[in-house]
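To keep things clear, I will list the structure first and then write my remarks on it.
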Amino acid sequence: MCTPNTELQFCTCAEGNINDIKDIYIWSLYRYHGSRESLIRGKVMMPVKDFENGISAEHMTSKLNHGNIFDFDYTPQERDTIHISFNAKNRAEYKYFTLIFRDGVWQEGRNPLFVSIEKNIAKGEVKVLYKEENLFLKHCEHLKSEYGIEIPESVKVRCANLKDDSQDSVYLAVKNFKEYKIFYRQEFIEYIVKTYFKIYPDENSDRLQAMIDSAQNKFSILEEKFISETENFALLNRCFKDLDKNLEKCFFITIPFQNKETHLFINSNLIGRTGFKSNRNNRYFKNKSQKIRFEDFELFKDY
């Protein structure tokens, strides 16, 4: 585990309902108000003590016991608790741990479930503040300005403290970035097919298939269109514009790993996940002669 080059702060500056903001780290502070009888029984998701990015139960308790890391004046009371969670877009990536103030110190633990009366008194985002210029984060900013690539916050926090010679696969994919790749979404393909055959009702799919295949590696996120000096992608750009130039509706955007087989997803509900190109293509059929195939992918289940 690396030695974090960071400071942590509990901020309350988020606007609106913070639980609606995905892929951020959230803290919730609770005050204990006694206990009650309860007939509720059930299983609870097990906590994850170390998020492997500088946010861990051990690191948090150390920071809390050595000063106030809230952005407001706060004095802990016996049996106050703090719930720390990663509010992932993808439910499978959700994780949390809980700290409790007991006997004058913060420590791992919580008040008894179901029977404790607790009131939420504050919540906000866990901000990771870097003490020195971070080269990985600087590289992420370069990718954003040069290519329009938004590296997910979860990836930044995971990788920012790794050593330069780290062999972490996600770290290497971003660090050694050469290109991004898009996978078409079903909704976009369906709209293209309907638009094309409305204009050319008597054609088969050959010309459209060639256009879709060629355009897949020629989309510019910065310019929000397919670009080629030799091919005409006006139809695809028109369809993209008709769908409000919504990247989430039209594409899965990925960064290929060095082996070119594995991909890191950086948008949609798959943000931060990894997968690989499927051996079987996806297909959309309008009829027997008007059909389109397009690349599909599979996710790694153990990521």
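The values are calculated or read from the model by the stated rules, or taken from the named source; none is laboratory data. Here the structure is a predicted model, which is why all the values come from computation and not from measurement. Neighbour counts are summed over all protein chains in view; Cβ atoms, including those assigned to glycine, are modelled from backbone coordinates with ideal geometry. Only protein heavy atoms, including side chains, enter the accessible area calculation; ligands, DNA and RNA are left aside. Shrake-Rupley method; radii C 1.70, N 1.55, O 1.52, S 1.80 Å.
Any residue at all in segment 37-49 that's among the polar types (S, T, N, Q) and either under 25 Å from the mean Cα position of the chain (by Cα) or at pLDDT below 85 (or both)? Yes, the conditions are met somewhere in segment 37-49.
Across segment 173-230, the number of residues qualifying as of a type in the set (F, W, Y) and farther than 19 Å from L247 by Cβ comes to 3.
For segment 17-48, residues that are within 21 Å of Y94 (Cβ to Cβ), open to solvent by 70 Å² or more (accessible area, probe 1.4 Å) and either out of contact with any Lys or Arg (no Cβ under 9 Å at 6 or more places or on another chain) or not in a loop (DSSP other than H, G, I, E, B) (or both) total 4.
When segment 253-292 is limited to residues that are buried (at least 21 other Cβ atoms within 10 Å of the Cβ), hydrophobic (A, V, I, L, M, F, W, C) and under 29 Å from S205 (Cα atoms), the one that is modelled with the lowest pLDDT turns out to be I292.
The single condition among (1) modelled with pLDDT of 95 or more; (2) under 21 Å from Q186 (Cβ atoms); (3) not in a helix (DSSP H, G or I) that E231 does not meet is (2). Is at least one residue of segment 49-57 more than 17 Å from R158 (Cβ to Cβ) and open to solvent by 20 Å² or more (accessible area, probe 1.4 Å)? No, there is no match, as no residue in segment 49-57 is more than 17 Å from R158 (Cβ to Cβ) and open to solvent by 20 Å² or more (accessible area, probe 1.4 Å). Scoring W106 on the criteria (1) within 27 Å of the chain's Cα centre (by Cα); (2) crowded, with 16+ Cβ neighbours inside 10 Å; (3) of a type outside the set (A, V, I, L, M) leaves a single failure, condition (1). Taking segment 111-133 as the range and being open to solvent by 80 Å² or more (accessible area, probe 1.4 Å) and either β-branched (V, I, T) or over 28 Å from the mean Cα position of the chain (by Cα) (or both) as the test, only K119 passes. Every condition in (1) of a type in the set (F, W, Y); (2) in contact with a Phe, Trp or Tyr (Cβ under 8 Å, 6 or more places away or on another chain); (3) crowded, with 16+ Cβ neighbours inside 10 Å is met by Y94 except one, and the failing one is (3).
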